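For reference, the structure is listed below as structure tokens.
The values are calculated or read from the model by the stated rules, or taken from the named source; none is laboratory data. Here the structure is a predicted model, which is why all the values come from computation and not from measurement. When we count neighbours, we look across all protein chains shown, and the Cβ atoms used for this are built from the backbone with ideal geometry, even at glycine. These area figures cover heavy atoms from the full protein model, side chains too; ligands, DNA and RNA do not enter into them. Shrake-Rupley method; radii C 1.70, N 1.55, O 1.52, S 1.80 Å.
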Amino acid sequence: MSSQGPYGRQGYQANPQGYGGGAGGGAYGGGTQGGSSYTAPTYGQGYGASSYSTPAPQAGTYGVGGGDDMSGYGQSAGDYQNDKSSTDKSKGGKKSIALQALNQNVLIWAGFFSASLLIYSLLSGGDFSFLMTYGAMARMFGFGILNVKTFKSQRATGVSIKSLQLYALVFFFRLTSIFRHEGYLPYDKSGDWLYHFIELMSLIFTSAALYGCMVPFKGTYQHDLDRFGEFNVPPGFGAAYLAGPILVVAIFIHPNLNADFLSDVAWTYAMYLESTALIPQLYMFQKQASGVVELLTAHFVAALGFGRLMEFLFWIYSYHELASSTGSRLPGYLALFSQFVQLVLMVDFFWYYYKAVRSATPLVLPTHGGLGIV
């Protein structure tokens with residue numbers, strides 16, 4: 001105990017009369033010695049000259065104190081509130097970014113579907129053959145997205161040059177057929193000029209994307225992942241394993257709607273080759289260690305798959321028209337089979353793509369050691 005204060009040792013020595021002792025001081029019991037009587041002291045008033053006061057609390061105890069010392073429970077509670085506030089702001093920021101990405105995804109496809117409805121109302125006449133034009137529009141839309149992704153980011157990551165090479169062949173051979181003859185054009189007004197224009201723009205977009213991946217952004221191209229078919233061929237020529245055999249098949253099995261050998265073979269070659277053109281791209285997705293696909297690249301592949309689905313629906317009801325000069329319907333059956341195989345290969349991709357767009361998160365695909373199904 002401290003020696004200071006009225007009850008301490010030094011306090012008593014300073015005022016020994018304060019306790020009623022000594023002549024002339026107050027006495028208990030109401031004595032008159034010295035002419036004084038006892039008066040009860042009030043609280044906080046000392047016995048004698050000194051008084052008792054409550055000791056001040058120490059600074060920094062239980063969050064109470066003056067100055068800058070705010071240690072103790074008060075400070076801990078404040079830190080907790082600040083941390084909670086920061087966490088809430090961080091979660092809110094992530095939700096905001098995810099919402100913006102989701103809105104962007106919705107706007108991209110909403111723009112495409114709006115343009116499709118406008119063209120359908122103006123040029124289709126309600127004819128079923130518009131599905132061919134619709135499928136071509138989806139392909140053009142996909143390659144447009146790919147160009148935006150490539151040139152805006154200035155990167156060629158995640159893009160298969162082999163698939164672009166195959167699609168360039170597809171559009172080139174199709175154009176050589178439809179510009180000279182009308183046997184494979186849609187029956188509605190879109191077959192007058194729009195279908196030609198869409199296929200031409202698709203070829204331009206494909207060539208632009210191919211140029212971007214091979215020239216200005218070559219340093220970002222992932223050659224170590226785009227290795228489909230590179231067996232006993234020079235590097236970068238793996239697509240020949242698809243392009244060569246399919247050409248042979250098209251020469252021997254093709255319809256005869258144009259009554260022109262070169263034109264019929266060119267169109268059939270484009271049809272068959274398109275069914276396999278995405279295989280190098282899907283193979284590249286599987287070779288990525290993380291399995292993460294950039295969302296714009298995913299939009300590109302999904303648009304191509306959607307276009308293929310539209311054409312598949314059309315040829316389900318029209319395949320019988322793809323007869324050979326001898327009347328065989330084998331070309332029609334083969335066209336349906338090739339398109340069906342492509343869609344089966346993309347089933348898993350469509351599922352993971354839907355999940356990524358719905359949650360506005362990167363597209364993550366399961367990785368495999370071989371080709372398999374994505």
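On the given criteria, is Tyr352 of a type in the set (Ser, Thr, Tyr), out of contact with any Phe, Trp or Tyr (no Cβ under 6 Å at 6 or more places or on another chain) and assigned to a helix (DSSP H, G or I)? Considered against the rule, which asks whether it is of a type in the set (Ser, Thr, Tyr), out of contact with any Phe, Trp or Tyr (no Cβ under 6 Å at 6 or more places or on another chain) and assigned to a helix (DSSP H, G or I), Tyr352 comes out as yes.
Condition check for Met346 on (1) open to solvent by less than 50 Å² (accessible area, probe 1.4 Å); (2) modelled with pLDDT under 90: one failure, at (2).
If only residues of region 293-307 that are assigned to a helix (DSSP H, G or I) and open to solvent by 10 Å² or more (accessible area, probe 1.4 Å) are counted, the one that is farthest from Ala356 (Cα to Cα) is Phe306. Taking the numbered list (1) over 30 Å from Tyr195 (Cα atoms); (2) assigned to a helix (DSSP H, G or I); (3) open to solvent by 70 Å² or more (accessible area, probe 1.4 Å) in turn, Ser290 passes all entries but (2). Exactly one residue among Lys189, Lys162 is surrounded by 23 or more Cβ atoms within 10 Å (Cβ to Cβ) and either touching a residue at least 12 places away in the same chain (Cβ under 8 Å) or more than 30 Å from Ser325 (Cβ to Cβ) (or both), and that residue is Lys162. For region 115-134, the criterion of being open to solvent by less than 10 Å² (accessible area, probe 1.4 Å), of a type in the set (Ser, Thr, Tyr) and free of Cβ contacts under 8 Å to residues at least 24 places away in the same chain is satisfied by at least one residue.
Please count how many residues of region 214-246 are open to solvent by 50 Å² or more (accessible area, probe 1.4 Å) and of a type outside the set (Asp, Glu). So the count comes out to 16. Set side by side, the residues Met284, Met310 differ, and just one is touching a Phe, Trp or Tyr at 6+ places or on another chain (Cβ under 6 Å) and in a helix (DSSP H, G or I), which is Met310.
Looking only at region 176-185, filter to residues that are open to solvent by 10 Å² or more (accessible area, probe 1.4 Å) and within 39 Å of the chain's Cα centre (by Cα); which one of those is modelled with the lowest pLDDT?
We begin by selecting, within region 176-185, every residue open to solvent by 10 Å² or more (accessible area, probe 1.4 Å); these are 176, 179-183, 185.
Imposing the further condition that a residue be within 39 Å of the chain's Cα centre (by Cα) reduces the set to 176, 185.
On the way: Thr176: 97, Leu185: 94.
The residue in question is Leu185.
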